[in-house]
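J.: My questions all concern the structure below.
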Amino acid sequence: MTTVSVVTPSGKGGADVELPAEIFGAKVNIPLIHQVVVAQEAAARQGTHATKTRGMVRGGGKKPYRQKGTGRARQGSLRAPQYAGGGTVHGPVPRSYEQHTPKKMKAAALRGALSDRTSHGRLAVVSAFVEGDEPSTKEALTVLRTAVGAAEARLPRPVLVVVHGDDQLTRKSLRNIPRVRVLTSGQLNTYDVLASDHVVFTQAALAEFVARTGGGELVTVAKPAKAAKAAKPAAEPASGTEEPEARPAGAKAAAGDAGEPDAKPARPARAKAAAGDAGEPDAKPATSRARKPAAASATEPADDTAAGQARPAVKKRSSGASRKPASGGGAEQKEEQE
């Protein structure tokens, strides 16, 4: 079911109208619509055309010349079809062009045409075109332009306006506007709907049309009043929170004042110090390893067996590291002699 907003003369938003789906949402049968339109146009023909045959034309009662002896073709009258001013052969005669179209086919074609205009957004509903008791073409045109969405002063495309049978005020207000055709709800037909780009119903005419075509009563939905939007309060910073940019600097300053260690302690230095206290060999190259035995031999006395075991280890190392144990060994020999 399609919902259409009702346009008011004051410009304020009116109620919404629900269009019955069986009338304004029907299937569009193009061949059926074509047949109904052709029949409607044929029925509009007067059919009074006629021509005169040679018997109806005045004159021509005398034979123009004798039958034989002239060398010309024989002729019996100057009002024959081959002469100027003569009669017409097989010309049109008065007749009726009406075609018999069932009522159900006409109703189905009209529903299809209205459904096509509704699906393309070219159907509007107006509560009234004029406020008051006097006709006004200016006011009616303003409301009509609002309904069809025309920004120009004149309507660029033809518009069909459907009014109630008793609404003479609207008929008088719109009858002199170019490209506007005004019909009552009982006169609505398929041809006029297709010949107009927009179809505008008055609310009374729409209710009458829906009731007559078996769509039931027109359902009107009132729009809810829009509540005033409250102003949003300004965002305030939460208590006890600090800005993200100043937080690291403040944390570092607080840590420095309290004398706390840094967040990243020197783990390798602690590991080396622990290894030195436990007497474990260091993991550094041979140059650093050679310094510790030399310092130990210089401070603490060692026997000959310990010195003998240390010398082969010094020989295997690099030349630069073997000089210090040699000097240390000489110092030990001097101490033994004394």
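J.: Using a cut-off of 9 Å between beta-carbons, work out the net charge of the residues near residue 77 (Lys and Arg +1, Asp and Glu -1, residue 77 not included). Walk me through the numbers on the way to the answer.
T.: On the way: positive: 54, 62, 63, 79; negative: none.
Result for the local shell: +4.
J.: Further, regarding this structure: Quick one: which of 27/172; 27/104; 103/172; 27/106 span more than 25 angstrom between C-alpha atoms?
T.: Numbers: 27/172 35 Å; 27/104 14 Å; 103/172 31 Å; 27/106 14 Å.
Over 25 Å Cα-Cα: 27/172; 103/172.
J.: Tell me whether the range 1-151 comes out rounded, prolate or oblate; compute the Cα gyration tensor, take square roots of the eigenvalues as a ≥ b ≥ c, and use a/c under 1.5 as the rounded threshold.
T.: Details: a/c = 5.34, a/b = 2.88, b/c = 1.85.
Note, shape of the range 1-151 comes out prolate.
J.: Arrange the residues 1, 105 by how much accessible surface each exposes, largest first, with a 1.4 angstrom probe. Present the calculation step by step, with values, prior to reporting the outcome.
T.: Numbers: 1 145, 105 50 Å².
Ranked list, largest accessible area first: 1, 105.
J.: Moving to a separate point now. Report ³J(HN,Hα) in whole Hz for each residue of the range 14-22, in order, from the Karplus equation J = 6.51 cos²θ - 1.76 cosθ + 1.60 where θ = phi - 60°; Gly and Pro get x.
T.: x, 7, 9, 10, 8, 7, x, 5, 6
J.: Taking a probe of 1.4 angstrom, what is the accessible area of residue 129 in Å², to the nearest 10?
T.: Approximately 0 Å² for this residue.
J.: Could you work out the relative contact order of the range 141-224, using alpha carbon pairs under 8 angstrom and six or more residues apart, expressed as a whole percent? Provide the component values of the computation, followed by the final result.
T.: On the way: 98 pairs, mean separation 26.6, N = 84.
Contact order relative to length: 32 percent.
J.: What figure in square angstrom, to the nearest 10, would you give for the accessible area of residue 191 with a 1.4 Å probe?
T.: Answer for residue 191: close to 90 Å² accessible.
J.: Would you rank 45, 66, 171 by solvent-accessible area, highest first, keeping every protein chain in place and using a 1.4 Å probe?
T.: Numbers: 45 125, 66 150, 171 75 Å².
Ranked list, largest accessible area first: 66, 45, 171.
J.: Expressed as a whole percentage, what fraction of the accessible surface of the range 145-225 belongs to carbon and sulfur atoms when a 1.4 Å probe is rolled over the protein heavy atoms? If you can, show how the numbers build up before the last one.
T.: Working: 2020 of 4240 Å².
Answer for the range 145-225: carbon and sulfur cover 48 percent of the accessible area.
J.: Let me ask you something else. Rounded, prolate or oblate: which fits the range 123-217, taking a ≥ b ≥ c as square roots of the Cα gyration tensor eigenvalues, rounded meaning a/c under 1.5, else prolate when a/b beats b/c? Walk me through the numbers before you get to the answer.
T.: On the way: a/c = 1.81, a/b = 1.28, b/c = 1.41.
Oblate, because a/c is 1.5 or more while a/b does not exceed b/c.
J.: From largest accessible area down, sort 58, 175, 117, 95; use a 1.4 Å probe on the protein chains.
T.: Working: 58 215, 175 160, 117 25, 95 120 Å².
Ranked from most to least accessible, the order is 58, 175, 95, 117.
The values are calculated or read from the model by the stated rules, or taken from the named source; none is laboratory data. None of the values given here were measured: they were computed from a predicted structure. Because the Cβ atoms are built from the backbone with ideal geometry, glycine has one as well, and the counts that use them run over all protein chains shown. These accessible areas exclude ligands, DNA and RNA; they are computed on the full protein's heavy atoms, side chains included. Shrake-Rupley method; radii C 1.70, N 1.55, O 1.52, S 1.80 Å.
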